[in-house]
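Take a look at the structure below.
The values are calculated or read from the model by the stated rules, or taken from the named source; none is laboratory data. Here the structure is a predicted model, which is why all the values come from computation and not from measurement. Neighbour counts are summed over all protein chains in view; Cβ atoms, including those assigned to glycine, are modelled from backbone coordinates with ideal geometry.
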Amino acid sequence: MIRTLFASASALVLATAASAQVVGFSQIGSESGWRAAETTVTNQEAEARGIQLQFSDAQQKQENQIAAVRSFIAQGVDAILLAPVVATGWDAVLEEAKEAEIPVVLLDRMVDSDPSLYLTAVGSDLVHEGEVAGQWLVDHVADQPCRVVELQGTTGSSPAIDRKTGFENAIKGHDNIEIVRSQTGNFTRAEGKTVMESFLQAENGGADICALYAHNDDMAVGAIQAIKEAGLKPGEDILVVSIDAVPDIFQAMAAGEANATVELTPNMAGPAFDALKAYWDNGTEPPKFIQTESKLYTQADDPQAEYDRRKDLGY
Ligand code: AHR
């Protein structure tokens, strides 16, 4: 009797493990606190659903992501999550996944491939994020002259392309606001700092800079350090507006050293797994784009409380 019970229990465990969906996740790397949080949350969402996640860290290289996707296809996974480091060059490997009938879901960044080559994409409206950041500056400086320096994200990535477009849309027609320098900081704190140092040097020690627009908070946090080392007050002498809403930008806001950020939720995997479940269960085709919210936070939004709320979320 006991033997039979044991046999059926282990058979059950084996069956459950065997029936667990296996999902390959090609992550870009961990260039920012936001990306680290996305990885943490994706693991948590998979675990909560009993999904086996095969994780691959591409160290910022597209060729590593393409190799990872090919290895997931060879393993015969049930689906692939892809956070594409850049927007171009994915057609071939996406076609291979389609031929293998493995659904691909894009997370937080877009590709220029035909949408028929992936199941859906979960992400924010990246242009809108830039517009929200730009509109904050327009409202804040009114008709005062404002020379802006811009820290761009990874060259060729959809957030760098679209967040630049969005910000320019917002300041269009406001001739008092002008982007005078713009360069990539690759979404990292270290490069945000070094590029800002070069901007400060080139702009009269920073005296000619009114505002910094950074495509993510991590670059802004690095730049804030450079502004302070130049003897200026970030958030006052130089306004700071960025995107992501990571805990450290709220700490800077609470200290008056940053002014505004546009939130990007790190939970892209939740909606992705929900769409995959409906697709696996009954073939439901999700919409091609599942949009996440882009909320603006400023110093008026109790930044210390926002910091406390987020500091343990894996950023
Ligand atoms: O694709 C989203 C961006 O990637 C985040 O804003 C940034 O922090 C990360 O590098």
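Structure summary
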| read-out | value |
| --- | --- |
| Tabulated pairs, region 22-40, first farther than 11 Å from residue 315 by Cβ, second near the ligand (Cβ under 9 Å from one of its atoms) and among the hydroxyl-bearing types (Ser, Thr, Tyr), C-beta under 9 angstrom, 6+ apart or interchain | 28/154; 28/157; 31/154; 31/188 |
| Scope region 105-131; condition over 16 Å from the mean Cα position of the chain (by Cα) and either within 23 Å of residue 31 (Cα to Cα) or in the same structural domain as residue 173 (by TED's automatic domain parsing) (or both); matching residues | 112, 131 |
| Candidate set from region 280-300 (those that are free of Cβ contacts under 8 Å to residues at least 24 places away in the same chain and assigned to a loop (DSSP other than H, G, I, E, B)); member that is farthest from residue 268 (Cα to Cα) | 300 |
| Matching residues in region 87-104 - criterion: being more than 18 Å from the chain's Cα centre (by Cα) and closer than 20 Å to residue 153 by Cβ | 89, 90 |
| Test: residue in region 138-153 that is modelled with pLDDT of 95 or more, surrounded by fewer than 20 Cβ atoms within 10 Å (Cβ to Cβ) and within 29 Å of residue 59 (Cβ to Cβ) | no |
| Positions within region 242-297 being of a type in the set (D, E, K, R) and within 15 Å of the ligand (Cβ to nearest atom), in sequence order | 244, 248, 263, 293, 295 |
| Any hit, region 260-272, residues being modelled with pLDDT of 95 or more, more than 19 Å from the chain's Cα centre (by Cα) and not aromatic (Phe, Trp, Tyr) | no |
| Complete set of residues in region 219-234 that are closer than 23 Å to residue 138 by Cα and either in contact (Cβ under 8 Å) with a residue 60 or more places away in the chain or in a helix (DSSP H, G or I) (or both) | 219, 220, 221, 223, 224, 227 |
| Only one of 211, 170, 223 that is away from the ligand (no atom under 16 Å from the Cβ), of a type in the set (A, V, I, L, M), within 16 Å of residue 258 (Cβ to Cβ) and modelled with pLDDT of 95 or more | 211 |
| Condition check for residue 252: over 11 Å from residue 297 (Cβ atoms), touching a residue at least 12 places away in the same chain (Cβ under 8 Å) and surrounded by 21 or more Cβ atoms within 10 Å (Cβ to Cβ) | yes |
| Hits in region 91-124 (condition: among the basic types (Lys, Arg) and more than 16 Å from the ligand (Cβ to nearest atom)) | 98 |
